[in-house]
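To start, the structure under review is shown below, and the notes come after it.
No value in this document is a laboratory result; all are computed from the given coordinates. Please read all numbers here as calculations on a predicted model, not as lab measurements. When we count neighbours, we look across all protein chains shown, and the Cβ atoms used for this are built from the backbone with ideal geometry, even at glycine.
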Amino acid sequence: MTVELQHPMKPDATPEEIARGRFTSGIRSLILNDLAADMRAAYDRRAAPAFKKEHDREPETSREAHQALRGDPAFNIYSAMRVQAQKMVWASVADSVEREADRLSHEARKAADAPGSLTLEPGLDVPKNVHAIDVHLMPGSYTRGADSLEAGAVYDRGLAVFSMGLMGANLDDIGLSMSQYIKQRFPDFAPSRILDTGCTIGHNTLPWKQAYPDAEVIAIDAAPGPLAYGSARAKMQGQEVHFQQMCADDLGFEDESFDVVWSSMFLHELSKKQRAKAFEEAYRVLKPGGLVIHMELPPNEQMGAFDGFYLDWDSYYNNEPYYKGYRDEVPADLCKKAGFGEDTFFEFVVPSIGIYGEEAVAEAAKGDRAEGVGQETTGRLAEGVMWYGYGAFKK
Ligand SMILES: C[S@@+](CC[C@H](N)C(=O)[O-])C[C@H]1O[C@@H](n2cnc3c(N)ncnc32)[C@H](O)[C@@H]1O
């Protein structure tokens, strides 16, 4: 169900707005559980056998699973409903954001003197992937309202509806689970400077400050509004984070100046060229012994045709033009091409710390590192909530 945010920026929503949010979360849950299961059944019973009849073999790729499903009633209903529900997510929070613009600015001003900082670069050429289309059907994309708090508030409130409670009370379950996993798996690793790239509103940045309180934490994003909102949101929670407007593929930091470069759900929104550059930049700014660590969608190489398509769906119908291209890439190759030693690459799945607790995360950090990575654990139809991640050290 819709999460109630845990900071002063949370909406002072009317009963109708609360009901609308809950209804939208509920519809999404129905789509992602029941209608998705119906689509899977239709694939097994109708679409894949019809494809086999025509091609004399099963669909082998995500693209072929898509081809097989197109036109099937179960696929049509699932897709039409998901698109509408996605639009409803953003629409369900728009009124409260508009009505509360003055209160949000007031709250942000009250927190302005708390530790942490915000540095915007009005002259920055904001890349097209950030502003030229409504990414994941979010009206106005990340630059809605320019450098006002609007885009951040829409994102924060919208994500609370979208995530149906699975991303934790503060939408930080990914950052909490991943940072704890790294702490448990590399207990002697003690970073003093951590960079989050593509942080949006910093919801998955703050957990790194909590995990490593003595470290300086810097979070960058190309879009100004979400950073302004994220900075105020962090200050209100007493978390000292430095937010800077900057492109991940053109970092304005010195060589060898960070111990960790982290990102969450970011790389799939970059073009192939930007992504390769972002990996090179991460390598450049990391100190020897530093760690690049990404939480992302699992790659197609780990999935069968249907599960691969199930994730790639967003590329076709949810305004995520680079999603499939990213998922077709191989994480180990991305790290290797940027200079990271092949033997330092690791990938893993970590159970949601909010759902399964710290012990489950500690357990996941033990044993064979590659164990458990695959479509059974990382597909969107997998049981439970597991986050996929990978990383590599700079030698
Ligand atoms: C899906 S959001 C990331 C979400 C967030 N990190 C999380 O944990 O949920 C993608 C973010 O990447 C930012 N972005 C896209 N291209 C960028 C680039 N080249 N450099 C920096 N940020 C970029 C967008 O502005 C947006 O805020």
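Taking the Cβ of each residue in L104, L311, L195 as the centre, tally the other Cβ atoms inside 10 Å and list the residues starting with the fewest. Write out the running numbers ahead of the final one.
Details: L104 20, L311 23, L195 32.
Ascending Cβ contact count within 10 Å gives the list L104, L311, L195.
So, counting K/R as plus one and D/E as minus one, what does the shell of residues with Cβ under 12 Å around F279 add up to?
With Lys, Arg at +1 and Asp, Glu at -1, the net is +3.
Quick one: check the C-alpha center-to-center distance for the range 67-109 versus the range 146-175, whole angstrom.
Between the Cα centre of the range 67-109 and that of the range 146-175, the gap is 12 Å.
To the nearest 20 debye, what is the magnitude of the charge dipole of the range 64-164 about its Cα centre, counting +1 on the Cβ of each Lys and Arg and -1 on the Cβ of each Asp and Glu?
260 debye
Between the DSSP loop rule and a limit of at most 16 other Cβ atoms within 10 Å, which GluC sites (Glu not before Pro) in the range 142-242 are left? Numbers along the way, then the final one.
Values: sites: E150, E216, E240; in loops: E240.
Here the GluC sites (Glu not before Pro) that fit, given the DSSP loop and packing criteria, are E240.
Between Y317 and F186, what is the spin-label point distance in nm, taking each point 7 Å from the Cα along the Cα→C-beta axis?
3.9 nm
Evaluate the chain: find the radius of gyration of its Cα atoms, find its Kirkwood radius, and give the ratio Rg to Rh. Intermediate values should be presented prior to the final figure.
Values: Rg = 20.7 Å, Rh = 21.6 Å.
Expressed as Rg/Rh, it is 0.96.
Fewest to most neighbouring Cβ within 10 Å: what's the order for R233, R28, R46?
Taking fewest neighbouring Cβ atoms as first place, the list is R46, R28, R233.
In the structure shown, do any of K128/K209; K273/K394; K277/K324; K209/K337; K87/K209 have a Cα-Cα gap over 24 Å, and if so which?
Exceeds cut-off: K128/K209; K209/K337; K87/K209.
At 4 °C and 1.567 mPa s, what whole-number value in µm²/s does Stokes-Einstein give for the translational diffusion of the range 74-214, with Rh from the Kirkwood sum over Cα pairs? It would help to have the intermediate numbers written out before the result.
Details: Rh = 17.5 Å.
Rounded, D is 74 µm²/s.
Where in the range 36-116 are there GluC sites (Glu not before Pro) that are in a DSSP coil and have at most 13 other Cβ atoms within 10 angstrom of their Cβ?
Loop-located and lightly packed - E60.
Arrange the following residues from fewest to most other Cβ atoms within 10 Å of their Cβ: K287, K324, K395, K53.
In order of increasing Cβ crowding within 10 Å: K53, K395, K287, K324.
Springs between alpha-carbon pairs under 10 angstrom, Gaussian network model over the chain: which of G140, G225, G198 fluctuates most?
Most flexible of the set in this elastic network: G140.
Where the only charges are on Cβ atoms (+1 Lys, Arg; -1 Asp, Glu), what is the dipole of the chain about its Cα centre, to the nearest 20 debye?
540 debye
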